[in-house]
1. Just give me the residues in the range 229-239 being farther than 14 Å from residue 397 by Cβ and within 19 Å of the chain's Cα centre (by Cα), in sequence order.
2. In the range 404-426, is there at least one residue being within 21 Å of residue 138 (Cα to Cα), within 13 Å of the chain's Cα centre (by Cα) and in a helix (DSSP H, G or I)?
3. From the list 107, 61, 89, exactly one residue is modelled with pLDDT of 90 or more, more than 27 Å from residue 125 (Cα to Cα) and outside any loop (DSSP other than H, G, I, E, B). Which is it?
4. Please tell me if residue 226 is in contact with a strand residue (DSSP E or B) (Cβ under 6 Å, 6 or more places away or on another chain) and closer than 30 Å to residue 365 by Cα.
5. Within the range 297-325, which residues are in contact (Cβ under 8 Å) with a residue 24 or more places away in the chain, part of a helix (DSSP H, G or I) and under 23 Å from residue 230 (Cα atoms)?
6. Looking only at the range 332-356, filter to residues that are under 29 Å from the mean Cα position of the chain (by Cα) and in a helix (DSSP H, G or I); which one of those is surrounded by the fewest Cβ atoms within 10 Å (Cβ to Cβ)?
7. Looking at the range 122-154, which of its residues are at negative phi and not in a helix (DSSP H, G or I)?
8. Residue under question is residue 151, and the condition is that it be touching a residue at least 24 places away in the same chain (Cβ under 8 Å), under 17 Å from residue 426 (Cβ atoms), out of contact with any helix residue (DSSP H, G or I) (no Cβ under 6 Å at 6 or more places or on another chain) and buried (at least 21 other Cβ atoms within 10 Å of the Cβ); does it hold?
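The values are calculated or read from the model by the stated rules, or taken from the named source; none is laboratory data. Source: prediction; values computed, not measured. Every residue, glycine as well, gets a Cβ built from its backbone with ideal geometry; the counts of neighbours run over all protein chains shown.
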């Protein structure tokens, strides 16, 4: 669609070529054949925007002297043998489908507008398959092997009844590998890990979520590997329990507001309405509504609050002083995973919180402590032994969202071999744009914190 007339030359761009020598070798065996006649071929091409482009070639037809074929044509440079479209057309379509992630129908609409080419849906799919034939995934493996930092982030994503296992490098920001499996079980996970080990990846730190598939299966593949458990899911579960306690306080205040004499039916008099508007303090029902509206402030970080939110939090704690214990617990809970502390300091903070009497007497906080058992907590603070290791698996989660976005524009791409080819093309295209691929030697190595010894040993 154009909103105004195109200003400029609208004539066609034609390239003239002549490939008609008297003798030409057979494309299969190389034995020269004699020219019999000359034909004219017109090939659709892409060279100028908003203008029709083409190649007008004089091509020789040769009689072969071998048993490969009876006749053959001299090939045109940049054009498939006996093809109607040049390689540049294929490359343009493939980039639109893979790099720009455009749907097939949108590419069919854009090609006539940009290059005045009418392409069929089948030809677009052939360009996609042709692009997959041009890549070599061994180049991607060599790139991964040469630039792997030692930190591996693992997660899975589900699509059309299948599971795609992803492994990424969060330090150097690339996807190491993937595996498309029919069932998300321990056998397929072990097979995926064995494949990574066979490729020669030396993993020092593994970052995963709390899935049971990742439980105690690393030492059999990589010796002395450190398992970092994603703290995001644990923080989410603990905050949910804290908010459950806040809502319990809100409900108690709301029930107290229903006690006493009931209000008279009908409208209030002007004197009563004026008294309510001039009253500075809120009644218990209004306090319960205020707590319900601002309950998120109890679990919000102090540095992320605005001035208005700080005032609302002070009002919240003034209305219900029992909320102070939830707020204090939340701030100390976030302090367990500060980046600038050591593992020893994190353990000491956990011990002090565990021995706090107010936390022990609160039923909601007692349930929250069950999420921070000693063995699990040691895996959550493993990142404190390094300077540049993240405490979450957000990197592979972003990779999963990228796959979701890739599938969103291809509603019919649901077969296993098509998903496999789409993922391989996506990995290869991202590798070509990666700074480490363009500038060899720029790698981000794993750095140990000064307070810890290398290699890192897990605490008992």
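1. Keep residues of the range 229-239 that are farther than 14 Å from residue 397 by Cβ, which gives 229, 234-235, 237-239.
Once the filter is applied, which keeps residues that are farther than 14 Å from residue 397 by Cβ and within 19 Å of the chain's Cα centre (by Cα), the range 229-239 yields only 229.
2. So the first thing to find is which residues in the range 404-426 are within 21 Å of residue 138 (Cα to Cα), and the list is 416-426.
Retained after the next criterion (residues that are within 13 Å of the chain's Cα centre (by Cα)): 423, 426.
Now narrow it down to the ones that are in a helix (DSSP H, G or I): 423, 426.
So far as the range 404-426 goes, yes, one or more of its residues are within 21 Å of residue 138 (Cα to Cα), within 13 Å of the chain's Cα centre (by Cα) and in a helix (DSSP H, G or I).
3. Among 107, 61, 89, only 61 is modelled with pLDDT of 90 or more, more than 27 Å from residue 125 (Cα to Cα) and outside any loop (DSSP other than H, G, I, E, B).
4. It is true that residue 226 is in contact with a strand residue (DSSP E or B) (Cβ under 6 Å, 6 or more places away or on another chain) and closer than 30 Å to residue 365 by Cα.
5. Kept after step one, since they are in contact (Cβ under 8 Å) with a residue 24 or more places away in the chain, are these residues of the range 297-325: 298-299, 301-302, 315-316, 319-320, 322-323, 325.
Pick out the ones that are also part of a helix (DSSP H, G or I) and you get 298-299, 302, 315-316, 319, 322-323, 325.
Selection gives 298, 299, 302.
6. 335
7. Just the residues of the range 122-154 that are at negative phi, to begin with: 122-149, 151-154.
Of everything in the range 122-154, those that are at negative phi and not in a helix (DSSP H, G or I) turn out to be 135, 136, 148, 149, 151, 152, 153, 154.
8. Working: touching a residue at least 24 places away in the same chain (Cβ under 8 Å): yes; under 17 Å from residue 426 (Cβ atoms): no; out of contact with any helix residue (DSSP H, G or I) (no Cβ under 6 Å at 6 or more places or on another chain): yes; buried (at least 21 other Cβ atoms within 10 Å of the Cβ): yes.
Answer is no for this residue.
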